[in-house]
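Written below as structure tokens is the structure these notes are about.
Values quoted throughout were computed directly from the atomic coordinates according to the rules given, and no laboratory measurement underlies them. Note that the structure is a prediction, hence the values are computed from the model and not measured. Positions of Cβ are generated from backbone atoms using ideal geometry, with glycine treated the same way; all protein chains shown enter the neighbour counts.
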């Protein structure tokens, strides 16, 4: 193992005098490697703490760019980084925090084609992703490569954390054999998330990663940790190998497995279900409105979102999950223009309405698309 | 009386109740009672063929009911039934 330099001995003093880490443990960290998939809410604290702790080599996978709405929780990125690729922003912050760390960047989506190649050279993989297909991919790649997968996931005020595939322990498919179909489980993009929550869960993931690299303590392998920020409570559940779980011996098409349309590089694409409702982009709707078109405008976002910004010509607010139960409130004698933030939830609502016999149009791009292209004075959230 | 703990992700279907008391002596009865009390929750717990969905885990205290007696898992007063749905984070 490469020994510590005098500069490193000065830097890691508080680890070195901690007997459980010591010079041997710190040297192990220096000679170890971690792959972090995602540099968002979970990846931010993870990367900062792993870099500060002196993990020698850190790989970062992310194809996204920093958005203003990330800064409330993705603390590795600063205001000046808005619009920059996240991997570059993270690299610069880590270089400032600890130039001893070798950072390897993968500015590409993590896919079945590259996952095994990318993950192969790292000791531990940390799941800081934000979607089901990539979570199953990270899990399966770790199972195939025999690497521990440090898991964390968040929603609103609650988080989950565990260590999968470590020393024969259970993996993500033992916890959830199947992903939920799209639309049945809300995401942080529509449900929101308390900014500090990924900080707590990501820091737990960093702790577990360091324990694995150092070979000390008792990890969360075989346990699912639940955190509730509102109640400020931690609860621990037992996690066992599922004897009925399928054998994982090759990577599959995870978008298909999770029932989601192919993702391209953009996050703002929300291709809706195909169905007998019409779609119009914001320009088409603006032109038709200018020509006197007055459909019944139904906003299917949550009340909190409508409080941020709304069309003053929207006539009704029904969250998309409630549309099916509240059809009686919607007029049948008018065309319905349904919208949400980006067009995804409204496509689901449009499908429900079309199936119920309504004459419905989905506003593709949603109110954010409108704010970007039609009324640029509107706030974008 | 056993209590069911509702996760954030499903509280919009339980009038934002985090804990719901139910009259039940098995896990299956408890979940059925919950779905009767909050009908819009049903499709999030059960598939069309009446099976508990595979991405919704249910624990009696700290044990997964899949490894106890599934729906027949007995409940006593003071037991907590915890619903733990699959959550992914930001993107749908």
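May I ask for the equivalent-ellipsoid semi-axes of the range A:123-265, computed as the square root of five times each C-alpha gyration tensor eigenvalue and listed largest first in whole Å?
Details: eigenvalues 96, 91, 37 Å².
So the three semi-axes of the range A:123-265 are 22, 21, 14 Å.
Ordering of B:69-77, A:212-220, B:43-51, A:364-372 by packing is A:364-372, A:212-220, B:69-77, B:43-51, highest average first (other Cβ atoms within 10 Å, averaged per residue).
Against chain B, whose longest principal axis comes from its Cα atoms, helix B:27-37 is set at around 50 degrees.
Quick check: convex hull over the Cα atoms of the range A:15-148, volume per residue in Å³, rounded to an integer?
Details: hull volume 14.2 nm³, N = 134.
Cα-based convex hull of the range A:15-148, divided per residue, equals 106 Å³.
Per the Debye calculation on the range B:3-85 with a single equal scatterer at every Cα and no solvent contribution, log₁₀ I(q)/I(0) for q = 0.17, 0.19, 0.21, 0.22 Å⁻¹ amounts to -0.59, -0.75, -0.94, -1.05.
Kindly put A:316, A:280, B:1, A:232 in sequence by how many other C-beta atoms sit within 10 Å of each C-beta, fewest to most.
On the way: A:316 15, A:280 18, B:1 12, A:232 8.
Ordered from fewest to most neighbouring Cβ atoms within 10 Å, A:316, A:280, B:1, A:232 come out as A:232, B:1, A:316, A:280.
As a proxy for reagent exposure, A:77, A:339 were ordered by neighbouring Cβ count within 10 angstrom, fewest first; the result is A:77, A:339.
Mind checking the angle between helix A:197-214 and chain A's longest principal axis? C-alpha axes, 0 to 90 degrees, to the nearest 10. Between helix and principal axis, roughly 30 degrees.
Give the average, rounded to an integer, of partner chain Cβ atoms located within 10 angstrom of each Cβ in B:44-56.
The shielding value for this peptide is 2.
Per residue of the protein assembly as shown, the DSSP helices (runs of n ≥ 4 H) give a summed -39500 (n - 2.57) that works out to -8000 deg cm²/dmol at 222 nm. Computed from Cα positions, the angle between helix A:132-145 and the longest principal axis of chain A comes to roughly 30 degrees.
By the gyration tensor of its Cα atoms, with a ≥ b ≥ c the square roots of the eigenvalues, what is the shape of the protein assembly as shown: rounded for a/c under 1.5, prolate for a/b over b/c, or oblate? The partial results should precede the final answer.
Details: a/c = 2.15, a/b = 1.33, b/c = 1.61.
It is oblate, given that a/c is not under 1.5 and a/b is not larger than b/c.
Counting Cβ atoms of other protein chains within 10 Å of each Cβ in A:226-238 and taking the mean gives 3. Mean per-residue shielding of peptide B:78-88 is 6, counting Cβ atoms of other chains within 10 Å of each Cβ.
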